[in-house]
1. Can you give me the number of residues within the range 14-30 that are modelled with pLDDT under 95, surrounded by fewer than 21 Cβ atoms within 10 Å (Cβ to Cβ) and on the phi < 0 side of the Ramachandran plot?
2. Out of the residues in the range 528-564 that are part of a loop (DSSP other than H, G, I, E, B) and surrounded by fewer than 19 Cβ atoms within 10 Å (Cβ to Cβ), which is nearest to the chain's Cα centre (by Cα)?
3. Just for helices (runs of 4 or more DSSP H) wholly inside the range 386-500: which have at least 3 residues that are over 24 Å from the mean Cα position of the chain (by Cα) and surrounded by 23 or more Cβ atoms within 10 Å (Cβ to Cβ)?
4. Six or more apart or on different chains, Cβ atoms under 6 Å: show the pairs whose first residue is in the range 606-628 and over 13 Å from Asp539 (Cβ atoms) and whose second is among the hydrophobic types (A, V, I, L, M, F, W, C) and surrounded by fewer than 23 Cβ atoms within 10 Å (Cβ to Cβ).
5. Would you mind finding the one in Val202, Val180, Val192 that is among the β-branched types (Val, Ile, Thr), within 23 Å of Leu240 (Cα to Cα) and in contact with a strand residue (DSSP E or B) (Cβ under 9 Å, 6 or more places away or on another chain)?
6. Looking at the structure I just gave you, is Glu175 touching a residue at least 12 places away in the same chain (Cβ under 8 Å) and either open to solvent by 10 Å² or more (accessible area, probe 1.4 Å) or over 30 Å from Arg351 (Cβ atoms) (or both)?
7. Let me confirm something: among His90, His107, which residue is under 27 Å from Leu268 (Cα atoms), in contact with an Asp or Glu (Cβ under 7 Å, 6 or more places away or on another chain) and open to solvent by 10 Å² or more (accessible area, probe 1.4 Å)?
Amino acid sequence: MEFFATNGKRPIRSSEKTRLFAYESLNHKYGLLSNKTMWVEMDGYEGFDTLTDIEKYDACIRKVAECSPLRICDGEYISGSASFGIAKGHKVPAVYKGELIFHSVSHLTIDFETVVKKGVNAIKEDVLRAYEKHKNTEKEPFTKSCLSCIESMEIWHRRYLDILKDLPEYNNNYENLKKVPFQPAESFYEAVQSIWFTFAFVRLCGNWPGIGRLDWLLGDFLEKDLAIGKITLEQAREILAHFFIKGCEWIWGGSNGTGDAQHYQNILLAGIDENGNDVTNTVTYLVLDILEEFGISDFPTTVRVNKNTDEKLLKRVAQVISYGGGTVAVYNEELIIDSLTQHGYDLTEARKFANDGCWEVQIPGKTYFAYFPFDALCILQKQTLNDYDENLSFHTFDELLEKFIMDLNTKVDSIGDQYGSGFTKNEKNEWVWPKEIPCTVVSVFEQGCIEKGLSYMEGGPIYNVVSPHIGGLPDVVNDLYAIKKLVFDEKKVTFTQLMNILKSNWENDELLRRYVLTKYSFFGNDNDEVDMIAKRLVDEFAYACDRQNGKCGSKMPAGISTFGRQLEWSPYRMATASGRKAHDVLAGNFSPTPGTDKDGATAIIKSYCKSDMKKMVSGAALDIKLLPMTVNAEYGIDALASLIKGFVSLGGHFMQIDIADTELLKKAQEHPEEYQNLSVRISGWNARFATLNKEWQDMIIAQTGCNF
């Protein structure tokens, strides 16, 4: 059994039984089973039409719990599976008269800490107290719904116990599942099962939750069990491996646009706890062992790195990254904590940060998160330059830059106005959110919702965050720089001439286009002149977002991302002053435009880090692609570890590194059957390359190589 690596041969640590489970799972044995049963039907539910929306939701969740197929994989050590196909489509898996009824929730990390340490029964007690508090008020239906959803989870749990107790070969599973997740976990094995079962139930109901700080959640349990001889390190690795292997259960199969395996089930490792103590532990290294051995990409994993991170951990992270697949990324922990505290979070809360299921920063189990992405290049082309109007006139570059900044501010203000349009104030001067779809299952696992009697979508969590996300920023920077050089510095063309050239898509000016592409040093090459434009725009964007903070009771931190949207934006983009033709697929996240980074990864990092990343509270992703030859030898691993240290010391925020080979990707595109488990990093997620459609594959190839 070979587990694919872009670079090198993966080690063998696990038993043959576990390796077979991993091999079969990665090759779709279980993943496609959910396509056989897509949903439950509510047509036979008497009086369904007469129910309120939240009563309909509760009825759907109850039937999902009662009727979902119970999947037990051959030899699994932990139990529970999200087995309805349409749940992978971000929907509650229930239909009425042939129509899906409810959307679901993602971009959150739920409160696994309370589940593991106190148990779901403790949450149920909170619900009962809230019900008494809110009885005979407008909040009573929500608290009743919380109770109903927990009861549905209990039904699903009993169904699993009933089937496991009659299967002698799964006696350990049965004994381990008897108490958790409803009672506190008392061992490492129970803690793993508790997290998995809760995660699986939330997903069964159609939601896509992140997992968060897995080693922090599990570390103390394992250390205690190892100390008393209750478990061996090898046994713990096998149990935890099954957690990751079962995470491969959600795939569509075939070519699916953005690819299989992108369901926001992200994991964080290492860093400090709320008291400033290092949480790196045995589980941290077990997770890295598992990712290294199997190359499972379904759980994109990020390591929190700071100036005190042990060299052993840095080197271990570099080793796992070196196999390719982009499964491990890094956060600059100290910068992010400083960023959060400057944005108003308490220090102890900021230290707990995780992500939303992609890489946007949030406080896990306490945060409502949504984001508004927009294309800044479109603003430059269509607003600032008015579709390349030759009648425009800018006397200086600064005048042009100020006009773009004004248009950028207008866009951010419009996001604030759009988001805030449905909010009102009550008699207590509190913000009242507009009524949204029922989403009680995730609300049960978000602190604040039960106490307030408000759902996740109605302001229930402790923190409510809506983040404007600027996309295409490197492209804007490059264009402004090119206009500065061509028109104002070198005076090769007039502003009017350049507008006409761009409007004609460079049709009769190929020599000038090649001059721009080859002579100018764009963003990503450590060129202060262009990088200072980026810094200015980052500052201005952050300031524009800060002005929105507190409106409608939500935080509005800034972020930089595309998440692959450069593909959907490309049909609306015109030719660029930086030499690209209309409709080209350009920069992803806050990374160089494909083909413009000529001076290596260090220069890319330096350009990125000249902007004040503390102001990007929500996050700003930097994508780095390295060739396999750069990390093959021992010195290559050391160099990769040093690259991570340099990123942290220079003030980076989030970096995702992939070891990728253009020729290998092209072979995989031509012969997908031979590369079924070749993983690539997309943005906040990984995907099996063979499951991307050609448009997405071409984008990944272009990002990996040089393509004018």
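1. Count: 4.
2. If we filter the range 528-564 for residues that are part of a loop (DSSP other than H, G, I, E, B), which is where we start, we get 547-550, 554, 556-558, 561-564.
Subsequent filtering for residues that are surrounded by fewer than 19 Cβ atoms within 10 Å (Cβ to Cβ) retains 547, 549-550.
On the way: Arg547: 26, Asn549: 23, Gly550: 25 Å.
Across the range 528-564, the extreme among qualifying residues is Asn549.
3. On the way: elements: 397-420, 440-444, 449-452, 473-483.
The helices (runs of 4 or more DSSP H) meeting that bar are 473-483.
4. Cys609/Leu650; Ile624/Ala601
5. Working: Val180 fails: in contact with a strand residue (DSSP E or B) (Cβ under 9 Å, 6 or more places away or on another chain); Val192 fails: in contact with a strand residue (DSSP E or B) (Cβ under 9 Å, 6 or more places away or on another chain).
That would be Val202, the only listed residue that is among the β-branched types (Val, Ile, Thr), within 23 Å of Leu240 (Cα to Cα) and in contact with a strand residue (DSSP E or B) (Cβ under 9 Å, 6 or more places away or on another chain).
6. Working: touching a residue at least 12 places away in the same chain (Cβ under 8 Å): no; either open to solvent by 10 Å² or more (accessible area, probe 1.4 Å) or over 30 Å from Arg351 (Cβ atoms) (or both): yes.
No, not satisfied.
7. Details: His90 fails: in contact with an Asp or Glu (Cβ under 7 Å, 6 or more places away or on another chain).
Every option except His107 fails the conditions.
This table checks each residue for (1) among the charged types (D, E, K, R); (2) open to solvent by 10 Å² or more (accessible area, probe 1.4 Å); (3) at pLDDT 95 or above.
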{"residue": "Leu313", "(1), (2), (3)": "no, no, yes"}
{"residue": "Tyr331", "(1), (2), (3)": "no, no, yes"}
{"residue": "Asp338", "(1), (2), (3)": "yes, yes, yes"}
{"residue": "Gln342", "(1), (2), (3)": "no, yes, yes"}
{"residue": "Cys358", "(1), (2), (3)": "no, no, no"}
{"residue": "Lys366", "(1), (2), (3)": "yes, yes, yes"}
{"residue": "Tyr371", "(1), (2), (3)": "no, yes, no"}
{"residue": "Cys378", "(1), (2), (3)": "no, yes, yes"}
{"residue": "Gln383", "(1), (2), (3)": "no, yes, yes"}
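The values are calculated or read from the model by the stated rules, or taken from the named source; none is laboratory data. Predicted model only: the values in this text are computed from it and were never measured. Please note: Cβ atoms are built from the backbone with ideal geometry, for glycine as well, and neighbour counts cover all protein chains shown. The area values use the complete protein model at the heavy-atom level, side chains included, leaving out ligands, DNA and RNA. Shrake-Rupley method; radii C 1.70, N 1.55, O 1.52, S 1.80 Å.
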